[in-house]
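To start, the structure itself, in structure tokens.
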Amino acid sequence: MTNRRRDLAVAFMMMVGVGCSQGSGSSSDDNNSSSGGTDNPSPAVNHAPEAAISASSNNSLVNFSAAGSTDVDGDQLTYNWDFGDGSFGSGINVSHSYSSSGQYAAKLTVSDGNLSHSTTMMIVITENNSGGGDNGSAGGSDNGSGDGSDNGSDNGSDNGSNNGSDNGSDNGSDNGSDNGSDNGSDNGSDNGSDNGSDNGSDNGSDNGSDNGSDNGSDNGSDNGSDNGSDNGSDNGSDNGSDNGSDNGSDNGSDNGSDNGSDNGSDNGSDNGSDNGSDNGSGTDDSNPPTEDNAAVDIVDPGTYEGTIPLDQVAKGTAGTSLQTDGNPFSDAYFYLNPDIKVMMDSSLAIVENSGDTALANKIKYVQRQPSAVWMDSTLAITGNPDAGRRSLEEHLNAARVQQQFFAEQNGGVKAPMTVVIIIYNLPDRDCAAFASAGQLTQVGKPADYPYGANGMGFDQYRDEYIAKITEIFKKPEYSDLRIVAMLEPDSFPNMITNTNEGANGEPANSSLNPERASLPNGGYCDRILSDSSHGEMVQGEGTNDKPELGLYAAGLRLAIRELAKIPNVYTYMDIGHAGWLGWDNNESSTTNMKRGVKYFKQLIDGADGALDGKGLEMVRGFTSNTSGYTPLEEPLISSAFEDRQALQDFYQWNPSVDEISYIDRLRGYFTSTGDAIGNAAFDPNKLGFIIDTARNGWGAPGRPTPGSGPKGTDSSQRVEGRAHRGHWCNVNHAGIGEAPKADPDSSRPYLDAFFWMKPGGESDGISFDYTKMSASEVAALDDIDRAVYESASDPVYAGKSMDTMCVPGQLRENTPVDVVPALAPHAGAWFHKQFIMLINNAYPPLGESDYD
């Protein structure tokens, strides 16, 4: 059994500061807020010094530095520290050791003698598991000559390698059979695996005979080092147990040395396979992933300390083709994002300190659920360690590490690994919401640019964003991963519903938007629709029936086209949610749903430069409810057309009462043709849908369950707790929904997966104007809300501002919005109080499913 020690580990949660101003605005669209990440900082605008913290750690010892602090006047500065645990310090560089786990707000105040500026870094101290290694030396283990046997072929490969360096499992090596054990693992250190796994018994791995192959080499060599496990054994231990283990594994040391030597003793393990860790079924990985303990710990069952069984966690099928022409989630493991776990660790520390064991166990379970990685800015591609965000390559490397870990659990045979990446950085992004605005500008908000910005946003999107992402995706080391690319949440749906006039006041194209939307910020989305000067010309476009689709379509077509060139990338488009594009009826040809289907088809079809139907093959399908709250299923509410009037008090004549009924209707239209829905169609056998279930559970006492009664027309029987379906920001009373899983409904083969696109706990948008809070209001805040208040001005959130849909008491069509009753941080920042609410309101109960 693996022997582990308990250490204190440090996580740096976010940088938060006071001293920068933000704009504010309002919106009343039907879209969802985006996930966060980080954006490019903006410069200070006054003559006070600008405080900046950087930090590094060694277990519980944190080394802080204020060296990045600046003062435009060049004044001499003083630096004072509050470490958040009752201890203080001064100086530009200081060190502090935290004595116990918990969340601490380390505060730096920089002063020039007259003016000062403070910034805070959230420090999370958690207990972490680390490998105990092999007690002993195992030195000289395989010493010998290597003449036809393993004698000497490992030439010192285990020498010193088990000296505490076999962190992990000896690549599955000595665990029972040395399967894959020598797969490159004896390269002087057994890849540092054996996390103490050889302690005591080597799991019987080297116990046996080795039929003379390792005679003398391991005898006594592991003695003591494997805590008696290899004592004189190894005789026959590699007998068949080295199946695939010596396959090129000794990287030259066994090459040739095992030729004939292991024949019989290694049961033909080296017989021409040399397939390394894939034990004869995979491929030789000439560029193994960089070691990543955090990526392994989050998927290793041995590190799970919760009490809720992980039965709902997706499990891949070893030996299945690593790529597919169908559902990329099928038969695959799902990548778990270590960054999200670190953010959840901050909430876990708070809950554990409160003594709530039951809630702590729920958090530990949620930490084991996969979620998407958001590339929500150009900066996100390279990552931001200060904000706890990995780069894109670091995420893909971590996915490879997890794939390799599961392979080691499956005899060295790989299973598919699916990684979901959200592409989210269109110029003039999310034109009908302010909380999640981006930083690339092409046309600009009318209030800021009365005649249009004429910026460089499209060129930046093409050259500095999409080109960099696709360059990374194409790297051969990631070719074994299934990369799901989900494109631009809340983008093109705005073109369907949130336009009302042209850039200069002329009517918008009536076939695209026949009714005026009367938005308070009307004109911004219209400019984007009217901008047809970017992207490639599309043959057949520009008529009344097939109008030009504007700036968003140009960016999306670029992304679709470039991603389609990469064979292991599977592209999905955001399709809004049931309460946004779900309106439909049999009488009208211009409903939201029909227009949405028609113009999504045209957008995708034109990605190859012509409206010929062939472009549809570039996209796998659509994602619904991204970052949303619409229930998966309303157990007691009818979705029949004839019941729309009876339910109009809440559903406003929309028959798509839930996400299941929404994708059912969409699928019918996308796979059919007609004047109202377009003259191209998707192959019904290749079109798939994903539903984001991270925050649409709506658990409550007495909640009806699927099949608990007939579906009717009493809207008071709904499970959805929103007062208005258009409310999208930090919605109160919501809960975590179904756990991510592939092929969840056998009656709907087109439903590819439930997945958590935006995990619960990431804010939808800021809920307060920090510049208008009085000193007494700030003084009354608890520690959690105070940290949110202090984060509001951090330049890392530049471009994001307050949206009225996030503010308590604001109206949505005369209905007050109901948001989580706490200070909410900027979109994408960690929102502890929302996270706890979502866990407490989870449905199904965590660990269970209505779709088993």
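Quick notes on this structure:
- Extension gain (nm, one decimal) between Glu393 and Asp448, 0.36 nm per residue minus Cα-Cα: 16.2 nm
- Taking all protein chains as they are arranged and a probe of 1.4 Å, the heavy atoms of Lys414 leave approximately 20 Å² accessible to solvent.
- Ranking by accessible area, most exposed first, for Phe458, Phe88 with a 1.4 Å probe: Phe88, Phe458
- Relative packing of peptides 690-698, 116-124 - highest average C-beta neighbours within 10 Å first: 690-698, 116-124
- Cα gyration tensor, segment 314-441 - rounded (a/c under 1.5), prolate or oblate: oblate
- Considered as an equivalent ellipsoid built on the Cα gyration tensor, segment 684-756 has semi-axes of 24, 17, 12 Å, the largest given first.
- Each other residue within a Cβ distance under 10 Å of Val569 adds +1 if Lys or Arg and -1 if Asp or Glu, for a net charge of +3.
- A simple count of charges around Val443, restricted to other residues whose Cβ falls under 11 Å of its Cβ and scoring Lys, Arg +1 and Asp, Glu -1, yields -2.
- Against the rule of thumb 2.2 N^0.38 Å, how large the Cα Rg of segment 411-503 comes out: 1.42
- Computed over segment 531-679: relative contact order in percent, which uses C-alpha pairs under 8 Å that are six or more apart: 27
- The stretch between Asn544 and Asp850 holds 105.6 nm of extra length on full extension. This uses 0.36 nm per residue minus the Cα-Cα distance.
- Hypothetical label at Arg748: residues of segment 289-329 whose amide nitrogen lies under 18 Å (7 Å Cα-Cβ projection): 327-329
- Summed side-chain charge close to Arg665 - residues other than Arg665 whose Cβ falls under 12 Å, Lys, Arg +1, Asp, Glu -1: -2
- Among the listed pairs Lys364/Lys445; Lys341/Lys711; Lys315/Lys475; Lys341/Lys414, those whose Cα-Cα separation exceeds 32 Å are Lys364/Lys445; Lys341/Lys711.
- Computed lengthening from Thr673 to Ser321, 0.36 nm per intervening residue step minus Cα-Cα distance: 123.3 nm
- For segment 374-383, 3J(HN,Hα) per residue [Karplus equation, 6.51 cos²θ - 1.76 cosθ + 1.60, θ = phi - 60°, Hz, x = Gly/Pro]: 9, 9, 9, 6, 5, 4, 4, 4, 8, x
- Taken along its principal axes, the alpha carbon cloud of segment 694-852 reaches lengths of 56, 33, 27 Å, longest axis first.
- On the beta carbon distance between Asn63 and Lys474, with R0 = 51 Å, the FRET formula returns roughly 0.85.
- Protein-only accessible surface order, largest first, of Met837, Met456 at 1.4 Å: Met456, Met837
- Length-normalised contact order for segment 715-841 - Cα pairs under 8 Å, 6+ apart - percent: 38
- Rough spin-label spacing in nm, given labels placed 7 Å along Cα→Cβ, for Asn287 and Ala467: 2.0
- For the residues Trp653, Trp728, a 1.4 Å probe over the protein chains yields an accessible-area ranking, largest first, of Trp653, Trp728.
- For the peptides 526-537, 734-745, the ranking by packing is 734-745, 526-537, with the highest mean count of neighbouring Cβ atoms within 10 Å listed first.
- Accessible area of Arg482 in the full protein assembly, 1.4 Å probe (Å², nearest 10): 0
- Per-residue packing, averaged as other Cβ atoms within 10 Å, sorts the ranges 296-305, 470-479 into the order 296-305, 470-479, beginning with the highest.
The values are calculated or read from the model by the stated rules, or taken from the named source; none is laboratory data. In this text, all values refer to a predicted model and were calculated from it rather than measured experimentally. As a convention, Cβ positions derive from the backbone with ideal geometry for all residues, glycine included, and neighbour counts pool all protein chains shown. Side chains are part of the model used for accessible areas, which takes the heavy atoms of the whole protein and leaves out ligands, DNA and RNA. Shrake-Rupley method; radii C 1.70, N 1.55, O 1.52, S 1.80 Å.
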